[in-house]
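Colleague: Here's a structure for you.
Every number in this text was worked out from the coordinates using simple rules, so none of it is lab data. On a predicted model such as this, the values are computed, not experimentally measured, just so you know. Every residue, glycine as well, gets a Cβ built from its backbone with ideal geometry; the counts of neighbours run over all protein chains shown.
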Amino acid sequence: MDVKTNINKYINENEICLFMKGTPDSPQCGFSMAVSNVLKHLNVEFKGVNVLESEELRQGIKDFSDWPTIPQLYIKGKFVGGCDIVKEMFETGELKKLLESKNLIR
C-alpha cells in the first residue's frame, strides 16, 4: 500500500486523526504533546498516528496536506491545522464548537 493510500485510510477510518511524533500516551515532541493534551482535555476519542515509525509516512503527511510541520489534526476528513492553530482554536472556543457541530464531544 502506498503512503498516500495509507494516510487516506487513517483519515477516513477515524473521525479525529492526529498525525504526531510519538503516541498520545507518550508524545515525542512538545507540539505533539500540546495538541494531544487539548484533545484529551476536550474528552474526545482520537487516533494518534506516530509519524516517527516511518520516514515515508513522516514526509508523506507533509506532502499530503501541503503543510510543513507535524502535528497535523484532521476532523471528519478535513485538515484543521497544526499546533498553533489548534491551540488558538481551543483558546477561543472554536475547536469545541467545531467538535460539537460534528457530534464528537461526549
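Colleague: Determine whether Asp25 is free of Cβ contacts under 8 Å to residues at least 24 places away in the same chain and under 14 Å from Gly82 (Cα atoms).
Modeller: no
Colleague: Within the set of pairs 6+ apart or on separate chains, which have a first residue in the stretch 58-84 that is under 21 Å from Glu13 (Cβ atoms) and without any contact (Cβ under 8 Å) to a residue 24 or more places away in the chain, a second that is of a type in the set (A, V, I, L, M, F, W, C) and outside any loop (DSSP other than H, G, I, E, B), and C-beta atoms under 6 Å apart?
Modeller: Filtered contacts from the stretch 58-84: Arg58/Val51; Ser65/Phe79; Val80/Leu73.
Colleague: Among the residues of the stretch 54-61, is any of a type in the set (D, E, K, R), touching a Lys or Arg at 6+ places or on another chain (Cβ under 9 Å) and over 25 Å from Lys102 (Cα atoms)?
Modeller: yes
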